[in-house]
Amino acid sequence: MSEYKNGAKGSITALKTKPLERSLALTKMGVGAGAKIFGHSITNLFRNETERDEANRAFYRQQAQVLADELGKLKGSVMKAGQMLSLYGQYFLPEEAVEVLATLQDDTPPVAWHVVQPVLERALGAHRLAELDVDETPLAAASLGQVHRARRKSDGLELCIKIQYPGVADAIESDIRTLSRLLIMTRLTPKGLDITPVFNEVREMLHREVDYLSERRFTETFAERLADQPRFVVPKVMGDYCADRVLTTTFEHGLHVRDAAVQALPQARRNALGHDFLKLFLTEFFDWGMVQSDPHFGNYRLRIDPAGENDQFVLLDFGATRIFGRGFIDDYANIVRGAILKDRGMVQRGSAAIGLMPAHMPQSVFDAFAQMCEMIVEPFCGAAPGRAPAHLLSAEGRYDWGTSDLPMRAGRVAASNALSVHFRVPPREIVFLHRRLAGVFIMLATLGCQLDEHQTLLDVLHMQEAPAD
């Protein structure tokens with residue numbers, strides 16, 4: 001049994017690392033869930049429709065909370081799978097369940113030093129490890145591993161050591177099988193929905209994220225491609241202290257984007273940061289076909305230049321980097337072009353080509369989808385009449401990300417037209433691309449940016465100026 005020091009948010013002092021004991025823990029929870037489902041179903045027989053709806057919402061939230069709590073204790077691939085489900089889940093899980101599972105993103109206790117120290121010792125060897133002073137208190141903790149700060153004794157160089165939790169890689173297959181059964185047992189998935197493709201994608205993603213050698217290569221690739229971009233800092237990989245379960249880089253200082261000092265920067269400096277952050281994403285996808293798909297704010301730090309000339313983003317953690325094929329990129333670009341031009345035929349062709357557009361979709365539902373696409377690109381339409389709400393544009397035609405309610409408006413269009421019914425689980429590329437895109441929106445909103453990025457998007461799409469309506 002995983003144990004905690006200092007209550008539920010303290011350190012986990014023991015991990016269930018064997019597939020059998022992890023499976024038993026989740027199965028036990030599933031049996032308990034089955035009993036609760038039976039009781040809930042019986043009680044529902046005596047409720048009216050309104051009471052039943054309210055009871056179902058409370059029940060889904062409770063079931064999801066129990067699931068999230070157990071996943072948080074187990075750590076490893078099963079918890080990461082829970083995080084992935086919070087992304088996919090918006091397409092097939094109850095809203096209450098998605099909200100609870102989303103807390104797994106950043107509400108995870110660390111693992112005690114004595115649990116991860118043997119992993120580090122085996123990976124580096126006693127001689128190499130003796131060159132370092134390692135802080136036993138983790139700098140950050142996640143589902144598959146945690147990061148410890150260290151100092152190289154010979155020169156004082158500050159390092160970050162990412163250590164994978166023991167048994168994580170070996171438990172992936174068992175964890176996926178058990179979790180898929182558990183979702184069915186807790187009645188969180190709709191009847192008749194085949195969730196096999198979802199779990200196939202989650203399985204593939206997990207195998208990528210425990211591959212520290214691949215993450216090392218992506219880190220080095222991003223560092224190389226951004227070497228001449230003073231706005232961005234990528235940690236240097238320290239190969240002498242890396243192994244298949246350990247990744248060591250230089251420690252790069254910086255502030256959280258919500259830090260008061262960042263928020264107090266003049267508008268022009270926040271705009272400059274936001275512009276380059278957005279352009280980086282567009283470059284990653286449309287030019288490189290290589291996107292760091294995890295937008296968690298913990299993966300970014302900001303350095304404030306005392307001279308006010310070169311504020312910087314520190315980019316961290318490239319384990320979730322995804323490669324996109326040129327065909328997908330070109331077809332997705334056609335959706336965006338169609339949305340910019342209000343050419344719904346182009347939107348339809350691009351959507352069908354990437355598998356986003358189901359066959360025999362009702363025209364009314366497609367029109368709602370096209371309307372949503374046109375709405376989503378409103379920050380890139382400049383001051384074109386009828387595109388962005390007037391109150392979100394400055395006198396210079398810059399879009400005000402900080403006060404925009406775009407996500408809520410787009411969500412209302414989707415909900416009112418039952419898009420979720422027709423767009424069950426989208427292509428896996430879409431899920432992770434839009435995960436990062438949502439992160440870009442949130443970053444620019446948090447920075448309170450006011451930007452006119454019309455020409456920026458036209459350039460990456462190789463478009464001429466869009467004609468006026």
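Listing for the model above:
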| read-out | value |
| --- | --- |
| Pairs, first surrounded by 16 or more Cβ atoms within 10 Å (Cβ to Cβ) in the range 205-221, second in a helix (DSSP H, G or I), C-beta under 6 Å, six or more apart | Leu206/Ser77; Leu206/Lys80; Leu206/Ile172; Val210/Ala169 |
| When residues of the range 371-386 are limited to those that are at pLDDT 90 or above and out of contact with any strand residue (DSSP E or B) (no Cβ under 6 Å at 6 or more places or on another chain), the one surrounded by the most Cβ atoms within 10 Å (Cβ to Cβ) | Phe380 |
| Any hit, the range 332-341, residues being closer than 26 Å to Ala142 by Cβ, buried (at least 18 other Cβ atoms within 10 Å of the Cβ), out of contact with any Pro (no Cβ under 6 Å at 6 or more places or on another chain) and in contact (Cβ under 8 Å) with a residue 12 or more places away in the chain | no |
| Meets criteria (more than 18 Å from Met443 (Cβ to Cβ), loosely packed, with under 15 Cβ neighbours inside 10 Å, assigned by TED's automatic domain parsing to the domain that holds Val262 and in contact with a Lys or Arg (Cβ under 8 Å, 6 or more places away or on another chain)) for Gly308 | yes |
| In the range 134-152, residue surrounded by the most Cβ atoms within 10 Å (Cβ to Cβ) [restricted to those that are of a type in the set (A, V, I, L, M) and under 15 Å from Pro118 (Cα atoms)] | Val147 |
| Members of the range 229-262 that are closer than 14 Å to Leu302 by Cβ and in contact with a Ser or Thr (Cβ under 8 Å, 6 or more places away or on another chain) | Val257, Arg258 |
| Near pairs, Cβ below 7 angstrom, 6+ apart or cross-chain, from the range 442-453 (under 10 Å from Asp400 (Cα atoms) and without any contact (Cβ under 8 Å) to a residue 60 or more places away in the chain) to any residue that is of a type in the set (Lys, Arg) and part of a strand (DSSP E or B) | none |
| Strands (runs of 3 or more DSSP E) contained entirely in the range 126-184, each with at least 1 residues that are at pLDDT below 95 and not acidic (Asp, Glu) | 145-152, 158-164 |
| Some residue of the range 431-442 being over 20 Å from Phe328 (Cβ atoms), in the same structural domain as Asn299 (by TED's automatic domain parsing), modelled with pLDDT of 90 or more and not in a loop (DSSP other than H, G, I, E, B) | yes |
| Per-region count, the range 350-362, residues more than 18 Å from Ile376 (Cβ to Cβ), touching a helix residue (DSSP H, G or I) at 6+ places or on another chain (Cβ under 9 Å) and free of Cβ contacts under 8 Å to residues at least 40 places away in the same chain | 3 |
| Boolean, Leu104 is surrounded by 16 or more Cβ atoms within 10 Å (Cβ to Cβ), modelled with pLDDT of 95 or more and not in a strand (DSSP E or B) | no |
| From the options Phe313, Phe328, Phe285, Phe324, residue that is under 30 Å from Gly386 (Cβ atoms), buried (at least 17 other Cβ atoms within 10 Å of the Cβ), in contact (Cβ under 8 Å) with a residue 60 or more places away in the chain and not hydroxyl-bearing (Ser, Thr, Tyr) | Phe285 |
| Qualifying residues in the range 153-183 (those that are farther than 29 Å from Asp133 by Cα and of a type in the set (Asp, Glu)) - the one surrounded by the most Cβ atoms within 10 Å (Cβ to Cβ) | Asp175 |
| Number of positions in the range 449-465 that are assigned to a loop (DSSP other than H, G, I, E, B) and either in contact with a Pro (Cβ under 6 Å, 6 or more places away or on another chain) or not hydrophobic (A, V, I, L, M, F, W, C) (or both) | 5 |
| Residues located in the range 210-232, provided they are farther than 28 Å from Asn271 by Cβ, hydrophobic (A, V, I, L, M, F, W, C) and either touching a strand residue (DSSP E or B) at 6+ places or on another chain (Cβ under 8 Å) or not in a helix (DSSP H, G or I) (or both) | Val210, Phe218 |
| Filter result for Val425 (at pLDDT 90 or above and over 20 Å from Pro389 (Cβ atoms)) | no |
| Enumeration of residues in the range 354-393 that are under 26 Å from the mean Cα position of the chain (by Cα) and part of a loop (DSSP other than H, G, I, E, B) | Ile354, Gly355, Leu356, Met357, Pro358, Val377 |
| Checking Val233 against (1) surrounded by fewer than 18 Cβ atoms within 10 Å (Cβ to Cβ); (2) within 25 Å of Phe281 (Cβ to Cβ); (3) in the same structural domain as Val147 (by TED's automatic domain parsing), the condition it does not meet | (1) |
| Residues satisfying the stated conditions in the range 233-249, i.e. assigned to a strand (DSSP E or B) and either in contact (Cβ under 8 Å) with a residue 40 or more places away in the chain or under 22 Å from the mean Cα position of the chain (by Cα) (or both) | Val233, Ala243, Val246, Leu247, Thr248, Thr249 |
| Any chance Gly397 is outside any helix (DSSP H, G or I) and more than 30 Å from Leu213 (Cα to Cα) | yes |
| Residue list for the range 257-272, filter: touching a strand residue (DSSP E or B) at 6+ places or on another chain (Cβ under 7 Å) and either under 30 Å from Arg151 (Cα atoms) or surrounded by 20 or more Cβ atoms within 10 Å (Cβ to Cβ) (or both) | Val257, Ala261, Val262, Asn271 |
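The values are calculated or read from the model by the stated rules, or taken from the named source; none is laboratory data. Just so it is clear, the structure is predicted and the values come from calculations on it, not from any experiment. Positions of Cβ are generated from backbone atoms using ideal geometry, with glycine treated the same way; all protein chains shown enter the neighbour counts.
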